Every structure is written in C-alpha cells, then in structure tokens.
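What follows is one structure encoded as structure tokens, with my remarks underneath.
The values are calculated or read from the model by the stated rules, or taken from the named source; none is laboratory data. The structure presented is a predicted model; accordingly, all values stated were derived computationally and were not measured. No Cβ is skipped: glycine too gets one built from the backbone with ideal geometry, and neighbour counts run over all protein chains shown. For accessibility, only protein heavy atoms count, side chains too; no ligands or nucleic acids. Shrake-Rupley method; radii C 1.70, N 1.55, O 1.52, S 1.80 Å.
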Amino acid sequence: TTLILWGIGAIAVGSGIMLGSVMGLGAWPTGMLWSSIVGMMIMSAGCCMTASTSLGLALQTYGDCRGTAGALFGLYYYIMISTATFGMGTLHNGSLTTMPLYFIGIGGCMVLCLQWYKRYAPPEAAH
C-alpha cells in the first residue's frame, strides 16, 4: 500500500501543478503549456502506479484463476475510466480549473478507498 500512497501523492502533485499553471501562469502561455504537460505526465505516472499495484493486491489470493480475474478487472477498470471521462465531460463549463479540481477530487476518492481497504482487508493482505 506504500506504492499506492506514492501514486496518489503523484496524482495530487500533478493536479496541483496543473491547477497552479491554470491559476498563476495564464499570462505566460508557454509556461502554462509546459507546466500542464509536466503535471499531466506526473498524474499519469501516479495513475499507473496506483492501478497496477491495486490490481496486484486484489489478485493475490486468486492464483488459480488469475487470467480470468485480470480480464474482469481490466473490464471494470475501463468501465470506471469511461465513467470518469463522462463525468469530466458533463462537468466541463469552459473553465480551465475544472479538470485539475476534478482530478484532485478523484485523488481524494482514491485515498478514501485505500483507507477502507486498510481497515477491512484481511491482515495478511494489508501490508
């Protein structure tokens, strides 16, 4: 779960960089472009760390059917991504702050899910 926390932290940092670029660097389009790109790269790295580690933790006890379980988790992952993308499109109001704030909200939900996992997971699974 430490790697998951690092991933969530990376998502928060990337979202903060994007929000800062929108709020403070709007006067310098080049600075806004590069800080948005860097923020998105950090957020993507955090999402990859979190998703892959979570999937590994979820499949620890299903060694006999790991392929099928991985396929089902992949399906649910893409359903969640599609839902999040739909939510972002629905909330879009023409403002540049909507996307970074949306990602910060998703990161907060991830922290809540991790805390729930730590509380209710079997002791051998919650490292």
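The table for this structure:
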quantity	calculated
Matching option when the condition is open to solvent by 70 Å² or more (accessible area, probe 1.4 Å), not small (Gly, Ala, Ser) and not in a helix (DSSP H, G or I), among Leu96, Leu75	Leu96
Answer from Gly7, Gly31 - the residue that is open to solvent by less than 50 Å² (accessible area, probe 1.4 Å) and within 24 Å of Tyr120 (Cβ to Cβ)	Gly7
Residue under evaluation Ile81, criteria (1) more than 24 Å from Trp116 (Cα to Cα); (2) hydrophobic (A, V, I, L, M, F, W, C); (3) surrounded by fewer than 14 Cβ atoms within 10 Å (Cβ to Cβ), criterion not met	(1)
Criterion: assigned to a helix (DSSP H, G or I), buried (at least 16 other Cβ atoms within 10 Å of the Cβ) and more than 11 Å from the chain's Cα centre (by Cα) - qualifying residue of Ile17, Ile37	Ile17
When residues of the stretch 99-113 are limited to those that are open to solvent by 70 Å² or more (accessible area, probe 1.4 Å) and in contact (Cβ under 8 Å) with a residue 40 or more places away in the chain, the one farthest from Cys47 (Cα to Cα)	Leu101
